[in-house]
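Values in this text are rule-based calculations from the coordinates and carry no lab data. What you see is a predicted model, and the numbers here were worked out from it, not measured in a lab. Backbone-built Cβ (ideal geometry, glycine too); neighbour counts: all protein chains shown.
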Amino acid sequence: MPQPLIDRYRDFLPVSSSTPVVSLGEGATPLVELPHLSARTGARLLAKVEGANPTGSFKDRGMTMAVSKAVEQGADAVICASTGNTSASAAAYAARAGLRAVVLIPEGKIAAGKLAQALIHGAQVLALDAGFDTALEIVRQIVERHNVSLVNSLNEYRIDGQRTAAYEICDELGDAPDALCIPVGNAGNVSAYSLGFGAYRDAGRTRRVPTLFGFQATGAAPLVLGHPVEDPETVASAIRIGNPARGQQALGAMESSGGQVEAVSDEEILEAYRLLARREGVFCEPASAASVAGALRRASSGGLRAGATVVCVLTGHGLKDPTTAIQESAAVKALPARLDAVEEALFG
Ligand SMILES: *Cc1c(COP(=O)(O)O)cnc(C)c1O
């Protein structure tokens, strides 16, 4: 197992020698060159492949911290509202720690892989007849009334843990990249990257911080519109959020870096999703592809400097959402089990 994230970046995390480290070997994810997309855009595009984390998303970086601190503080259980990946991660880390996990999800709205994870790890899964935002509101009230630890990204320890992705990128590149492109849902992750890059520069580990570009889906773009969205809708279920808890913080972070938040359409997201899979061999979930869709959009409108080093955060693994992958691909061809039929299909 890789060294626990908490041990690798202990100097940058609010832990002590008495904090029990709950780890599944998270972090140390690959930073993969994207040669096809780099040639297409004129920038040097790299993907931070967060799907390589133990439960298949970046949420594990925050969850190792949140669950370790919950154990340290003597919580009876952890609880979250989730579009899917937070519940998968919370369920796994709680199982590891021997804690009870409760997850509230929007009914019928979470990808199959994520639901499977929450269930197999033994979380109590409650499906609400509501969107993510209402589920989060209920969770916030539960933790006020019971000894249960909230592990949504409102939990500061989640953000502390998620900063480590910025540290890894800087360690690998030898400095901060010119720009970071990242999907934005509840806006915790872009806030964490901003804090991470800032902390690394302040510690003298890098000379600069990157420009931060956040991308929401057109049908779930409250930060672009400047007001909450009542019924957010997008194929990118992980960012189907109408009222981001860290919206103001994230907007401030992006603006002060010289960047901004923008919307990309579902068509652009799915185009980037297919390109990554077919031309680069990288399979991410649809929400993750919003970062690459955004980079492509910026490149085509002159918004990416030629030769700039641009890291796109691929937040979750493609296997999380097999339904969309199959839907977006050509149908499987059924044939009789005969050589001539196979040859005919292959060579005409
Ligand atoms: C959680 C998640 C996001 C959004 O992150 P926020 O911190 O909510 O902005 C994006 N992509 C995937 C795959 C996620 O699981």
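The relative contact order of the range 32-156 comes to 25 percent, based on Cα pairs under 8 Å that sit 6 or more residues apart. Which shape class, rounded, prolate or oblate, goes with the range 147-234 when its Cα gyration tensor gives a ≥ b ≥ c as root eigenvalues, a/c under 1.5 marks rounded, and past that a/b bigger than b/c marks prolate? Here the range 147-234 falls in the oblate category. Scalar couplings 3J(HN,Hα) for the range 90-96, obtained by applying the Karplus form with A = 6.51, B = -1.76, C = 1.60 to θ = phi - 60°, are 4, 4, 5, 5, 5, 4, 4 Hz; x denotes Gly and Pro. Rounded to the nearest 5, the antiparallel percentage of DSSP beta bridges internal to the chain is 15%. Considering only SER300, SER291, SER237, the mean-square fluctuation computed in a Gaussian network model of the chain, springs between alpha carbons under 10 angstrom, is largest for SER300. Would the range 167-306 count as rounded, prolate or oblate if I go by the C-alpha gyration tensor, calling it rounded below 1.5 in a/c and otherwise prolate when a/b exceeds b/c, oblate otherwise? Oblate shape, in that a/c is at least 1.5 and b/c is the bigger or equal ratio.
Across ARG298, ARG44, ARG279, mean-square fluctuation computed from a Gaussian network of the chain (C-alpha pairs under 10 Å connected) peaks at ARG279. Cut-off 10 angstrom, C-alpha nodes, Gaussian network model of the chain. Which of ALA127, ALA118, ALA289 fluctuates the most? Sorting by GNM fluctuation, first place goes to ALA127. Pairs of Cα atoms nearer than 8 Å and 6+ residues apart set the relative contact order; for the chain it is 19 percent.
Each helix, a run of at least 4 DSSP H residues, gives -39500 (n - 2.57); summed and divided by the residues of the chain, these come to -12500 deg cm²/dmol at 222 nm. Grouping the Cα pair distances of the chain into 10 Å bins from zero gives a pair-distance distribution of 6, 26, 35, 22, 8, 3, 1 percent in increasing distance order. Across the options ILE79, PRO35, PHE12, the greatest Cα extent toward the positive end of the charge dipole of the range 1-84 (unit charges at beta carbon of Lys, Arg, Asp, Glu) belongs to PRO35. Cross-link pairs exceeding 24 Å in C-alpha to C-alpha distance, out of LYS48/LYS109; LYS69/LYS109; LYS59/LYS114; LYS69/LYS320, comprise LYS48/LYS109; LYS69/LYS109; LYS69/LYS320.
Give the shape of the range 59-155 as rounded, prolate or oblate, defined through the alpha-carbon gyration tensor: a ≥ b ≥ c are the square roots of its eigenvalues, a/c under 1.5 means rounded, and otherwise the shape is prolate if a/b is larger than b/c and oblate if not.
oblate
Note down the magnitude of the dipole of the range 210-348 about its Cα centre, charges +1 on Lys and Arg C-beta and -1 on Asp and Glu C-beta and zero elsewhere, to the nearest 20 debye. With Lys and Arg at +1 and Asp and Glu at -1, about 420 debye. Volume of the convex hull of the range 1-72 (Cα atoms only), normalised per residue: 100 Å³. Dimensions of the range 221-286 based on its C-alpha atoms, expressed as ranges along the principal axes with the largest first, amount to 36, 30, 16 Å.
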